[in-house]
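What follows is a short report on a single structure.
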Amino acid sequence: MEYYDDLEQNQVNEPTTDKFSQAFSKYNMNVDSAWVKSVIEKAKKEILSGGDKETLKKIFSCIDLTTLKPTDNEDTVLAFVEKVNKMEDKYPDIPSVASICVYPCFAQLVSRSLEVESVRTCCVSGGFPSAQTFFEVKVAETSLAIHDGADEIDIVQNAGRILNEDYETLAEETDELKAVCADKTLKVILETGALGTLDNVKKAALIAMYSGADFIKTSTGKEVPGADPESFCVMCKTVREYADETGRNVGVKAAGGISTVDDALLYWTIAKLVLGKDWLNNTRFRIGASRLADTLLNEITK
């Protein structure tokens, strides 16, 4: 973590949390709830008329098509992949989804079965969905997933460490997992529904980004409440502030309970209002969903 290493050289005798205090001091850490509310209201008004088909196609191309069920097996996952393979012929004027997201044990099956070049193999890792396991297990799981063909890794930030302000351990874990990923895309799930406050969402986002995250993501959609527009709005604002401060652009991903066209349009529009049109593509914007793809397809093709 170059940024934090520099801070350590300047503050050798200071407590370890001071480097994070120094990083946080570059930002207004008190979230303006009134501003968040105004952005969401503006976004809702903008989507009242629904989305045009071209916008819906763009959103479709940003979907991480996800199957993370306890009943997943080789047959169901292969059928999932085949559905994506066939879509290119069935809907030639609709772009493919961004990725197929599965448990790491299916990385090899997905990567070898995918025939659509633009679709990436994505795996959850790092003790998903709670992150409550040995760090060595997180490293091994991530490394094995990449070895088996994963292009993207979704890890969960340990929400407990945010709540007890153990930022040092949290950042070191993320930093080391990014080193394991190397040039592969690392998405860090903040699990916003467990963080309690929007101020904590901002802290979690900054720690993830300063530790090497290529994307920050709202939720697992498993153990606690999923995506909410308020947290996503704060994440987008923090990504913008971080980009202005460091010059590095980080992507945003909404996931957890997103299943309707209006849901998708709301998160897309919040990103547009806060981050701008440069984020409206699948290199910087994603939606994690299993049901949404069919819903969008029906809306686009009807």
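Here is a check on your reading of the model: is SER259 of a type outside the set (Asp, Glu) and open to solvent by less than 10 Å² (accessible area, probe 1.4 Å)? Answer is no for this residue. The residues of the range 59-84 that are surrounded by 17 or more Cβ atoms within 10 Å (Cβ to Cβ) and in a helix (DSSP H, G or I), listed by number, are ILE59, PHE60, VAL77, PHE80, VAL81, VAL84.
Tell me, please, whether a residue that is out of contact with any Pro (no Cβ under 9 Å at 6 or more places or on another chain), open to solvent by less than 10 Å² (accessible area, probe 1.4 Å) and not charged (D, E, K, R) can be found in the range 142-155. Looking for residues that are out of contact with any Pro (no Cβ under 9 Å at 6 or more places or on another chain), open to solvent by less than 10 Å² (accessible area, probe 1.4 Å) and not charged (D, E, K, R), one finds at least one in the range 142-155, hence yes. Taking the range 152-175, which residues are assigned to a loop (DSSP other than H, G, I, E, B) and more than 29 Å from THR283 (Cα to Cα)? ASN164, GLU165, ASP166, listed by residue number.
Whenever a residue of the range 123-148 is among the aliphatic types (A, V, I, L, M), its partners that are open to solvent by 30 Å² or more (accessible area, probe 1.4 Å) and outside any helix (DSSP H, G or I), lying with C-beta atoms within less than 7 angstrom and at least six residues away or across chains, give the pairs VAL124/TYR103; ILE146/LYS184. Could you tell me which of the residues LYS37, LYS19, LYS44 is open to solvent by 70 Å² or more (accessible area, probe 1.4 Å), in contact with a Leu (Cβ under 9 Å, 6 or more places away or on another chain) and not β-branched (Val, Ile, Thr)? The match here is LYS44. The residues of the range 245-261 that are under 13 Å from THR283 (Cα atoms) and either in contact (Cβ under 8 Å) with a residue 40 or more places away in the chain or in a loop (DSSP other than H, G, I, E, B) (or both), listed by number, are ASN249, VAL250, GLY251, LYS253. Given the residues GLY193, GLY212, which is the only one that is part of a loop (DSSP other than H, G, I, E, B), open to solvent by 10 Å² or more (accessible area, probe 1.4 Å) and not aliphatic (A, V, I, L, M)? Only one candidate passes the filter, namely GLY212. Checking the range 62-71 against the condition returns no match, with no residue being free of Cβ contacts under 8 Å to residues at least 24 places away in the same chain and over 24 Å from THR295 (Cβ atoms). The numbered conditions (1) open to solvent by 60 Å² or more (accessible area, probe 1.4 Å); (2) in a helix (DSSP H, G or I) are all true for GLU223 except (2). Residues that are within 25 Å of LEU65 (Cα to Cα), in a strand (DSSP E or B) and open to solvent by less than 30 Å² (accessible area, probe 1.4 Å) occur at least once in the range 113-121. Summed over the range 122-139, the residues that are assigned to a helix (DSSP H, G or I) and open to solvent by 50 Å² or more (accessible area, probe 1.4 Å) give a count of 2. A count restricted to the range 262-302 and to residues that are under 16 Å from GLU230 (Cα atoms), surrounded by fewer than 19 Cβ atoms within 10 Å (Cβ to Cβ) and not charged (D, E, K, R) stands at 1. Using the structure shown, decide if ASN13 is exposed (fewer than 13 other Cβ atoms within 10 Å of the Cβ), part of a loop (DSSP other than H, G, I, E, B) and at pLDDT 95 or above. In short, no.
The values are calculated or read from the model by the stated rules, or taken from the named source; none is laboratory data. A quick note: this is a predicted structure, and the numbers were derived from the prediction, not measured. Backbone-built Cβ (ideal geometry, glycine too); neighbour counts: all protein chains shown. What goes into the accessible areas is simple: the full protein's heavy atoms, side chains included, and nothing from ligands, DNA or RNA. Shrake-Rupley method; radii C 1.70, N 1.55, O 1.52, S 1.80 Å.
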